[in-house]
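Following: one structure in structure tokens, then a few remarks.
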Amino acid sequence: MVGDIEQIERISLKESTSHFNHLKELEAEAIYVIREVFSQFEKSGILFSGGKDSIVVTHLAKKAFWPAKIPFPLVHIDTGHNFPETIKFRDELVEQLGVDLIIGSVQQSINQGRVKEETGKDASRNWLQITTLLDTIEEHQFDALMGGARRDEEKARAKERFFSHRDDFGQWDPKNQRPELWNIFNGKKHKGEHFRVFPISNWTEMDVWQYILAENIAIPSLYLAHYRDVICRNNTWLPVSEHLHVGEEETIHNKKVRFRTLGDITITGGIESDADTLEKVIMEVAAARQTERGNRADDKRSETSMEDRKKEGYF
Amino acid sequence: MENSYLDMELLRFTTAGSVDDGKSTLIGRLLYDSKSIFEDQLEHVANSSKRRGLDHTDLALLTDGLKDEREQGITIDVAYRYFATPKRKFIIADTPGHIQYTRNMVTGASTANVALILIDARKGLVEQTFRHSYIASLLQIPHLVVCINKMDLVNYDEEIFRSIQLEYARFASKLNVKGISFIPISALHGDNVVNPSENMPWYEEKTLLSTLEQIDVSKTTSAAVRFPVQTVIRPKNDTYHDYRGYAGRVAGGQLAVGDSVVVLPSGETSTVKQIHLMDEELSVATTGMSVVVSLADDIDVSRGDMITGITGSPKLQQDIEATLCWFSRKGPQPRSRYTLMHSNNEVKAMVKNLNFKYDVNSLTREGVDTVSVNDIINVTLRTNKPLITDKYAENRTTGALILVDENTNETVAAGMIC
Ligand SMILES: Nc1nc2c(ncn2[C@@H]2O[C@H](COP(=O)(O)OP(=O)(O)O)[C@@H](O)[C@H]2O)c(=O)[nH]1
């Protein structure tokens, strides 16, 4: 999709200050949005999944307030089905930034009987996260949570605002969104309502990768190709872990894979790849013929599954 | 070898047309022919097309986002689309064409550099064409690209294209736009969208995509320095004990270290000491950049204040004349109060006087007694504190405002300061 992908070099954004390229413009827009969140809300946080998009949002927050510390906690809605690499990465980052970490645990929601675990081969904790997320918002009285969702990810997200209003029940009403004009964001709300804010709305997957490269941002090693045990299910390579139920008819393979998104380990499929450096990943992204969510079992359930989850209060 | 990706510029454009003019098909075609569509997306669309009993893959389905819309077969809200060519990254704000959704048109137009206006070659100029063009001009979108679509249904006839072009040009002389291009296309078959048309050899100018790649998008804001302060940064740690920085996004001109500045509304003067983007120290910050500025003197600056140059001062005013696009079913009530948001500042405001209403089809002024949703009116607002303003015609950031209903918290109007 993008020119000259064969010759990608590591060029710092800083070296080309003479003109304002599109990545810098996207960066400036995101920083502006993050500062508006800080100024307009009383208690906000960054939804941190350990994935590249939330890592980029966290990096932008660092840039927005430097030399002060990031004035928000990181909020992790923990399905309990994590890649161990993600948790290690999260803890190191929190330590390094000196910010608070708030964990909303899906396992705890299950233990408390707030939600019921799905059963069966394709069981996932995706829907369950909604309850845990809304409980966490209530417990900590958040009035705004920032996330790394991008409009190019999925059809329903293409209509999402930067400042997305949620009602008392945490629900999204796609037909009744506030218009967003110029760079004036209306974060006014009634008690009990909150906002989800998406500073990198206008970024594409390619922009995110290029930015990570240009800014030299650390990401979990899972994004780079590595050997791991996987099974083939619904046309993607699912990683074998203690949480995955491997059926008798399924065979375990050892494949060189990388992950394009990091989510619940039981449903996040990897793709076969040789891209073991950032540069190579970018070349693969540029040549990709499948969207990054194409490998997520949760989106494959039905054509409108993302939209249905969003209306209920999903990220 | 340069990484060309880092040299790409961003172009934001909005699309407008009446229902069925072929807007969704056109966007689908742009994405498809510029190879921005992924296999799984195409597969979805191919399946949906089949389910609807179509014999071809309907590219319009690529852009129809939400379930309700897919069921009703119409686009009902602003949807954003992205694609890139080696030259530029494009953000499309796809807005619906029905009269009642003027609000979405205005929203999409507020950040656009280019407006794409679609006309059905069989129908020529219709009410929506006037309305959309007028809104584009009102919102000061510098360039219009008029696509005359469905040329395949009029035998690719040059005369039909020329007469629509002439009629539009005549109407557009009343508009306030910098440049207009006219392109005869067939969104369905792809003529002149990405690839030149074999069916219209008489058209020798650029295709739609090369037009979009080449339009000049350099920032055209005035040179007057505008830096609205978003928040004050005081780290209070050991290394930066006394540091106090003003965070914001440059809204006009450029700020350089050593420049003399005036802080409004206090009117105190100082000099720019440092400009930071994190640990990177800049000598200049140009329009659009988000930075942190520190001043040589210890003065009181807070959110909503504005750092400006010593020449070309903005106005400080409490009686503000503005053109409003009204979004709410309930018109402005006499003496009812709104929250006015403008350049990171918030004040209370009343609509003091309804001056006149625009007839958006003829661009003429008429009297105004009642205001209903989607009306475009000129009013005088009265605020409880002075605002630091520019004319919208001079600065699309510091000349723009919104009104928020104090009870419902809804955004009820978009305003452009006159
Ligand atoms: N023959 C022809 N039909 C077109 C063309 N562009 C769009 N259409 C058809 O016009 C109808 C409306 O198009 P659509 O893109 O949904 O219009 P929208 O309402 O403006 O988004 C559909 O049946 C399209 O297939 C064109 O260039 N030629």
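The values are calculated or read from the model by the stated rules, or taken from the named source; none is laboratory data. From a predicted model like this one, the values you see are computed outputs, not experimental measurements. Note that we place each Cβ from the backbone using ideal geometry, even for glycine, and neighbour counts take in every protein chain shown.
Scanning the range B:235-275 for residues that are in contact with a helix residue (DSSP H, G or I) (Cβ under 7 Å, 6 or more places away or on another chain) and either at pLDDT below 95 or not small (Gly, Ala, Ser) (or both) turns up just one, B:249.
In the range A:178-205, of all residues being in contact with a helix residue (DSSP H, G or I) (Cβ under 6 Å, 6 or more places away or on another chain) and among the aliphatic types (A, V, I, L, M), the one that is farthest from the other protein chains (Cβ to nearest Cβ) corresponds to A:197. If you take the residues of the range A:246-299 that are of a type in the set (Val, Ile, Thr) and assigned to a strand (DSSP E or B), which of them is modelled with the lowest pLDDT? The selected residue is A:268.
Answer with yes or no whether residue B:163 is away from the ligand (no atom under 16 Å from the Cβ), in the same structural domain as residue B:105 (by TED's automatic domain parsing) and among the small types (Gly, Ala, Ser). Here the answer is yes, as residue B:163 does meet what is asked.
Restricting the search to strands (runs of 3 or more DSSP E) fully inside the range B:354-418 and requiring at least 2 residues that are surrounded by 16 or more Cβ atoms within 10 Å (Cβ to Cβ) and in contact with a Leu (Cβ under 9 Å, 6 or more places away or on another chain) gives B:376-389, B:400-405, B:411-417. Where strands (runs of 3 or more DSSP E) fall wholly inside the range B:233-309, the ranges with 3 or more residues that are in contact with an Asp or Glu (Cβ under 9 Å, 6 or more places away or on another chain) and more than 9 Å from every other protein chain (Cβ to nearest Cβ) are B:260-264, B:268-277. Of the residues making up the range B:217-228, none is in contact with a Lys or Arg (Cβ under 6 Å, 6 or more places away or on another chain) and not assigned by TED's automatic domain parsing to the domain that holds residue B:23.
Of a type outside the set (D, E, K, R) and in contact with a Leu (Cβ under 7 Å, 6 or more places away or on another chain): does that describe residue A:145? Spelling it out, residue A:145 is indeed of a type outside the set (D, E, K, R) and in contact with a Leu (Cβ under 7 Å, 6 or more places away or on another chain).
May I ask you to list the residues in the range B:127-155 that are surrounded by fewer than 21 Cβ atoms within 10 Å (Cβ to Cβ), within 15 Å of the ligand (Cβ to nearest atom) and part of a loop (DSSP other than H, G, I, E, B)? Correct list: B:155 only. Annotation note: Cβ proximity below 8 Å between a residue of the range B:176-190 that is within 28 Å of residue B:56 (Cα to Cα) and part of a strand (DSSP E or B) and a residue that is more than 7 Å from the ligand (Cβ to nearest atom) and of a type in the set (S, T, N, Q) (sequence gap 6+ or interchain) occurs for B:183/B:192; B:183/B:207; B:183/B:211; B:184/B:192; B:184/B:197; B:186/B:192; B:186/B:197; B:186/B:199. A search for C-beta distances below 8 Å between a residue of the range A:207-231 that is closer than 13 Å to residue A:55 by Cα and any residue that is part of a strand (DSSP E or B), counting only pairs 6+ apart in sequence or on different chains, returns A:223/A:258.
Per-residue answers, yes or no, for (1) crowded, with 17+ Cβ neighbours inside 10 Å; (2) among the aliphatic types (A, V, I, L, M); (3) touching a Ser or Thr at 6+ places or on another chain (Cβ under 6 Å):
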residue	(1), (2), (3)
B:182	yes, no, no
B:190	yes, no, no
B:203	yes, no, no
B:212	yes, yes, no
B:215	yes, yes, no
B:224	yes, yes, no
B:228	yes, no, yes
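Working only within the range B:10-32, note down all residues that are of a type in the set (A, V, I, L, M, F, W, C) and part of a helix (DSSP H, G or I). Answer for the range B:10-32, where residues must be of a type in the set (A, V, I, L, M, F, W, C) and part of a helix (DSSP H, G or I): B:26, B:27, B:30, B:31.
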